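> Would you mind keeping the following structure in view while I ask a few things?
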Number of protein chains: 2
Amino acid sequence: LLDKNLKCPGFDSRSIGVFDSGFGGLTIMKSLIEKLPSESIIYFGDSANAPYGDRTSSEIIKYATDAADFLAQKNIKILIIACNTACACASKIIKQKLSIPVFEIITPSFQTVLKESKNYNIGVIATRATIRSQIYKKLIEQHNPKARVLSLSCPLFVPLLEEGHFDNKLALNLAEHYLKPLKKKKIDTLLLACTHYPLMKGIIQKVMGDDVKVIDPSLACALNLLSFLEKNGISSLNAKPKYEFYTSGDTEKFKNIAEVFLEKKIDQVLKK
Amino acid sequence: LLDKNLKCPGFDSRSIGVFDSGFGGLTIMKSLIEKLPSESIIYFGDSANAPYGDRTSSEIIKYATDAADFLAQKNIKILIIACNTACACASKIIKQKLSIPVFEIITPSFQTVLKESKNYNIGVIATRATIRSQIYKKLIEQHNPKARVLSLSCPLFVPLLEEGHFDNKLALNLAEHYLKPLKKKKIDTLLLACTHYPLMKGIIQKVMGDDVKVIDPSLACALNLLSFLEKNGISSLNAKPKYEFYTSGDTEKFKNIAEVFLEKKIDQVLKK
């Protein structure tokens, strides 16, 4: 009890570590900033090795464990793997390796979509690598045998969003092009299973129509984390939380894109 | 004279080596196949390190010299650096290092546009990295002080083309979006200064209108090489030339994209 008191139970001002192969995880960070406004965050984007989807499993494991080690050395209290490919390939290994809690984004994503769907006709859109892995399809259908998952890859959404086209004619054209096959099916929920896609949620909702619930899993991830921090008494009370950014790629490019993704000015991005 | 006869003067059946950071150089290879149908070609796409435009100069020099060495060890008679970024950063170093002739694509490109323009209002479109370097603007204006170069980057053309959208509504929408500022200027020639862009020459021509001559430099590169081989008596007479492909990235992805770029079936792609 004394020990606990000395450690100031109920509070832990250390940062949350978030990593992604590039920029996509910034949508997770954005939801964290919104839902957990007292938490400091250190983000690492492994842009030099992005996209992980083009790499072999052993390459992804190497990059992801390197990234996790890099953040773990920065005295973080929790690590979030905010990259679908890294979650699928390396989250088990990283959990075994690190002594801090490690969160991945796949579980809260598929749980949210199962909670929201009424007819269990579920659409999933993601990158080609994620769709090919069938990870969401398998998990959803395994947890609810009534569910039917229609998966679709939208490979040009990521470059489009990284160029800042969230909500214009180009984004609309491309969304109409990709989502056409899904519109013919009677899905009632559509999971955005790529961390970039929440940036164009508005356009996707417009194309799919009001009868389809478009699920941005970054909110579920943030709320999940919030309840974990509170339950374990390791929330932070920083009035001025710190946001730090590292990339293995070009720092200037990272800064420009990150400011667009976060809708927020960034002081500096450091090279890993 | 005897020596020359023994070496079979006038012919050299060794392959031509072509390298690019990824797929773009395949448009150069396509023109070579068309204009030099007896030449065997070995292509290397350094996809694991693409795009070079996001790398530092010293990284590009390392990757490009590694790529050049890799092809030089395959007993090629000539090397073509079919990548604008590698040409700009590393062609001098590679020329010094290799004992075979090394061709780059920048010189034939700007020479062709200067030959074709009448009013010397010249448009140049390329990737962001090439436009930022101002290499074409400087070279063109240096060789003809009357020339005015209007440069424009079209960053989404490369991912669009690598997804196979050459000649559809998406390609048209994107070309209209990017080329709008150029259409207002009185350019009479438009240089495609990115090796990918010739794939959408038709769409670009359509958007720019018949008064603008759209220059695909891959043809000039091929004709340049043809005359060099003939002058130096090192053409090949292979009735069945061999085409070999290597990539540092995913071989399956490379094969799929390369077949689309070359409009030709490929037997195999080997991992470097």
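What follows draws every value from the coordinates through simple rules; no lab data is involved. Quick caveat: nothing in here was measured; it's all calculated off a predicted structure. As a convention, Cβ positions derive from the backbone with ideal geometry for all residues, glycine included, and neighbour counts pool all protein chains shown.
> Taking a label point 7 Å from Cα toward Cβ, how far is A:L237 from its twins in the other copies, in nm, shortest first?
Taking the point 7 Å beyond Cα along Cα→Cβ, the inter-copy spacings are 9.0 nm.
> Given Cβ point charges of +1 (Lys, Arg) and -1 (Asp, Glu) and nothing else, what value in debye, to the nearest 20, does the dipole of the range A:89-219 about its Cα centre take?
In debye, rounded to 20, the range A:89-219 gives about 560.
> Count the net charge of all other residues whose Cβ sits under 11 Å from the Cβ of A:L262, scoring Lys and Arg as +1 and Asp and Glu as -1.
Its environment carries a net charge of +1.
> Using a label position 7 Å from Cα in the Cα→Cβ direction, what is the ascending list of nm distances from A:K118 to the same site in the other copies?
6.6
> When Lys and Arg each count +1 and Asp and Glu each count -1, what net charge do the other residues less than 13 Å away from B:Y63, Cβ to Cβ, add up to?
Around B:Y63, the surrounding residues sum to -3.
> Using alpha carbons only, how many angstrom separate the centre of the range A:87-152 from the centre of the range B:19-33?
Value for the Cα centre distance between the two parts: 39 Å.
> Put the label 7 Å from Cα along Cα→Cβ for A:K138; what are its distances to the other copies, in nanometres, shortest first?
Label point to label point, same position, other copies: 5.2 nm.
> What is the distance in Å between the Cα centres of the range A:56-86 and the range A:216-272?
Each part reduced to its Cα centre gives a spacing of 15 Å.
> Could you list the trypsin sites (Lys or Arg not before Pro) in the range A:118-147 that lie in coil according to DSSP, counting only those with at most 15 other Cβ atoms within 10 Å of their Cβ?
Sites meeting the loop and neighbour criteria: A:K118, A:K146.
> Pairs of alpha-carbon atoms within less than 8 angstrom and 6+ residues apart define the contacts here; what relative contact order does the range B:126-265 have, in percent?
20
> Determine, for B:C154, B:C83, the number of other Cβ atoms within 10 Å of each Cβ, and report the residues in order from fewest to most.
In order of increasing Cβ crowding within 10 Å: B:C154, B:C83.
> Taking 0.36 nm per residue of separation and subtracting the Cα-Cα distance, what length does fully extending B:K169 through B:K74 add?
Value of the extension gain: 30.0 nm.
> Using a Förster distance of 35 angstrom, determine the FRET efficiency expected from the C-beta separation of A:E263 and B:D66, and round it to 0.05.
Step by step, r from the Cβ atoms, then E = 0.30.
> Another question about this same structure. Please compute the average number of Cβ atoms from other chains found within 10 Å of each residue's Cβ in peptide A:160-172.
2
> Moving on. Going by C-beta contacts inside 10 Å, put A:R14, A:R55 in order with the fewest on the left.
Exposure proxy ranking, most exposed first: A:R14, A:R55.
> Further question on the same structure: Can you list the DSSP H helices in chain B whose Cα atoms extend at least 18 Å along the helix axis and whose mean Kyte-Doolittle hydropathy is -1.0 or higher?
Going by DSSP H runs, the hits are B:57-72, B:84-97, B:169-183, B:217-231.
> Right, something else. Can you sort B:E176, A:E230 from fewest to most other Cβ atoms within 10 Å of each residue's own Cβ?
By the 10 Å Cβ count, ascending: A:E230, B:E176.
> Another one. Roughly how many whole Å is it from the C-alpha centroid of the range B:172-191 to that of the range B:36-50?
30
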